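Visitor: The structure that follows is given in the form of structure tokens.
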Amino acid sequence: LPKGRPIIFVLGGPGSGKGTQCDRIVRDFGYLHLSAGDLLRDEVKYGTEIGQECEQLMKDGKLVPVEVTLKLIKKAMKENRNSTTGFLIDGFPRAVDQAEVFEKKVGRPKLVVFLDCPREEMEKRLLKRGETSGRSDDNMDTILKRFDTFLLESMPVVKYYDNLQPGLVIKVSSVPPPDDVYKEIYCAILGFRGEMDT
Ligand code: UP5
Ligand code: MG
């Protein structure tokens, strides 16, 4: 892992606002934004072998094998290792075993941001976005499955990092307007950057 190029994970349920907050972090800190979901949707769009393998899993709200997501993330990190100040990983890891593999093969994030949002709010946002997003998973049927996967498999990741190192995880409510949510995240990033300089 290149020194001085921190990794931040942004985690949270479907529609909790991961992408929305990542845009702001990129604007202010210039990190490379790697959304595992976006990387996968690109593969589907271009009809690659990975895309063909993952399309149905995503439509079913299930997790793609970690080998696949880790490969895409590592490739993007490698390509940009000299041209970015840090890595902002959005929507990965999504299960405890994925976090363990990442810890072993890549390293530990400097910060894990967990966006906490009630299910009804996330559902409302996704249905609204579904009117225009064109995402094959923004429909009621798939949304319910995405929630199940999140609760069962992805929520334990937050606990995993919390147990791993005190203070690593910050839990932020993503119910307020995006700029208000961001204030807390911004301060947390400034906090660990200050720590790196000393
Ligand atoms: N919005 C955002 N913030 C708001 C706020 N504070 N107040 C009011 N509205 C707010 O936001 C969603 C919507 O809400 C937008 O319309 C936004 O304007 C509004 P967004 O920022 O897009 O939320 P986000 O959390 O990014 O939602 P997303 O749908 O992208 O989350 P998912 O976790 O469901 O999707 P992802 O792309 O990460 O994964 C998709 C699928 O890929 C998974 O289901 C899975 O099948 C697969 N996958 C894997 O298998 N492994 C991986 O590692 C990653 C993905
Ligand atoms: Mg997203």
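Read-outs: derived from the displayed coordinates by stated rules, not from any lab. It should be emphasised that the depicted structure is a prediction, and the values quoted were computed from it without experimental measurement. Don't worry about glycine lacking a Cβ; one is built from the backbone with ideal geometry, like all the others, and counts go over all protein chains shown.
Visitor: Label segment 66-114 by shape, choosing from rounded, prolate and oblate, from the square roots a ≥ b ≥ c of the eigenvalues of the Cα gyration tensor; if a/c is under 1.5 it is rounded, and otherwise prolate applies when a/b is larger than b/c, oblate when it is not.
Guide: oblate
Visitor: Of all DSSP beta bridges located in the chain, what percent are antiparallel, nearest 5?
Guide: Among the beta bridges of the chain, antiparallel pairing accounts for roughly 0 percent.
Visitor: Could you give the distance between the Cα centres of segment 61-133 and segment 20-60, to the whole Å?
Guide: 9 Å
Visitor: Still on this model: Taking θ = phi - 60°, what integer Hz values does the Karplus form 6.51 cos²θ - 1.76 cosθ + 1.60 yield along segment 61-70, in sequence order, with x for Gly and Pro?
Guide: x, 9, 7, 6, x, 4, 4, 5, 5, 5
Visitor: Quick check: residue separation of Glu195 and Ser173 times 0.36 nm, minus the Cα distance between them. What number comes out in nm?
Guide: Separation in residues times 0.36 nm, less the Cα-Cα distance, equals 5.5 nm.
Visitor: Can you give the local net charge around Lys45? Use residues other than it whose beta-carbon is closer than 15 angstrom to its beta-carbon, Lys and Arg +1, Asp and Glu -1.
Guide: Local charge sum for Lys45: -4.
Visitor: Right, next: What ranking, highest mean first, results for peptides 112-118, 45-51, 188-194 when packing means the other Cβ atoms within 10 Å averaged over each residue?
Guide: In descending order of packing, they fall as 112-118, 188-194, 45-51.
Visitor: A further question on this structure: Taking only Cα atoms of the chain, what ratio of Rg to Rh do you get with Rh as the Kirkwood inverse-distance radius?
Guide: Rounded to two decimals, Rg over Rh is 0.94.
Visitor: A further question follows. Any idea which of Leu57, Pro156, Ala188 is furthest toward the positive side of the dipole for the chain, if Lys and Arg beta-carbons carry +1 and Asp and Glu beta-carbons -1?
Guide: Final value for the positive-end residue is Ala188.
Visitor: Sequence-distant or interchain residues sharing an amide H contact under 5 Å with Ser173, placed H: which?
Guide: The answer is Asp116.
Visitor: Further, regarding this structure: Based on the Cβ-Cβ distance from Asn82 to Asp38, what FRET efficiency comes out when R0 is 25 Å, to the nearest 0.05?
Guide: That gives a FRET efficiency of 0.70.
Visitor: Among the listed pairs Lys124/Lys145; Lys18/Lys128; Lys110/Lys171; Lys59/Lys159; Lys59/Lys145; Lys74/Lys105, which have their C-alpha atoms separated by more than 18 angstrom in this model?
Guide: In this structure, Lys59/Lys159 exceed 18 Å between Cα atoms.
Visitor: Which whole-number percent gives the relative contact order of the chain, counting Cα pairs below 8 Å spaced six or more residues apart?
Guide: That works out to 33 percent.
Visitor: Starting with the highest mean, order 77-83, 125-131 by the number of other Cβ atoms within 10 Å, averaged over the residues of each peptide.
Guide: Ranking the peptides 77-83, 125-131 by packing returns 125-131, 77-83.
Visitor: Something else: For Thr48 and Val101, what does the FRET efficiency come to when R0 = 22 Å and r is the distance between their Cβ atoms, rounded to the nearest 0.05?
Guide: The calculated FRET efficiency here is 0.50.
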